[in-house]
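Working notes for the structure below.
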Amino acid sequence: MSLTRKERHNEGFTLIELMIVLFILGLLAALVAPRLMGRVGKAKQKTAQTQIQLLGTTLDLFHLDVGRYPSEEEGLKALRDKVDNLPAWGGPYLDKPVPKDPWGRAYIYKFPGQHGPYDLYSLGADGAEGGEGENIDITNWQTSP
């Protein structure tokens, strides 16, 4: 049985029904999005912590070969690029260039360090010292943010 043109027209959704569906989808997005955003921040902190640990291991390998850690002037680039006056340099110690922190900034390397032989850290999401939550500094001398 074939439907007439008028009957086919009545089978669609009304504007109010569509608006209700969009409203419900908006509510669901408003409830889920903040939870997901919190997880993204935590994931970036974990990534920074892992990268700092890996760079620390690489710095220790440099120290074993050369007998010292890179100076602040040489910086973390010494892990990738040969330093001219170091015949014992056994690198490159990294396969790729030194990564930036998850927020797109360079890791801060201080030698000698105040908290150990060297300090290696990221200033977190806000790019300023200190902070809480996503803005907390990620360091090599504290085990977790």
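Quick look at the numbers
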item	result
Residues of region 119-142 satisfying the condition of being touching a residue at least 60 places away in the same chain (Cβ under 8 Å) and farther than 15 Å from S71 by Cα	Y121, S122, G124, A125, G133, E134, I136, I138, T139, N140
Selected residue [farther than 25 Å from A128 by Cβ and either aromatic (F, W, Y) or at pLDDT 95 or above (or both)] from Y118, Y93, Y107	Y93
Residue within region 104-118 that is β-branched (V, I, T) and without any contact (Cβ under 8 Å) to a residue 60 or more places away in the chain present	yes
Matching residues in region 43-55 - criterion: being surrounded by 14 or more Cβ atoms within 10 Å (Cβ to Cβ) and among the small types (G, A, S)	A48
Index of the failed condition, Y121 passing every other in (1) assigned to a loop (DSSP other than H, G, I, E, B); (2) crowded, with 16+ Cβ neighbours inside 10 Å	(1)
Search result, residues across region 56-88 that are among the polar types (S, T, N, Q), exposed (fewer than 12 other Cβ atoms within 10 Å of the Cβ) and part of a loop (DSSP other than H, G, I, E, B)	N85
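Table: residues versus (1) among the aromatic types (F, W, Y); (2) at pLDDT 70 or above; (3) out of contact with any helix residue (DSSP H, G or I) (no Cβ under 8 Å at 6 or more places or on another chain); (4) farther than 30 Å from Y118 by Cβ.
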residue	(1), (2), (3), (4)
G26	no, yes, yes, yes
A29	no, yes, yes, yes
K44	no, yes, no, no
V66	no, yes, yes, no
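The values are calculated or read from the model by the stated rules, or taken from the named source; none is laboratory data. Computed from a predicted structure; not experimentally measured. When we count neighbours, we look across all protein chains shown, and the Cβ atoms used for this are built from the backbone with ideal geometry, even at glycine.
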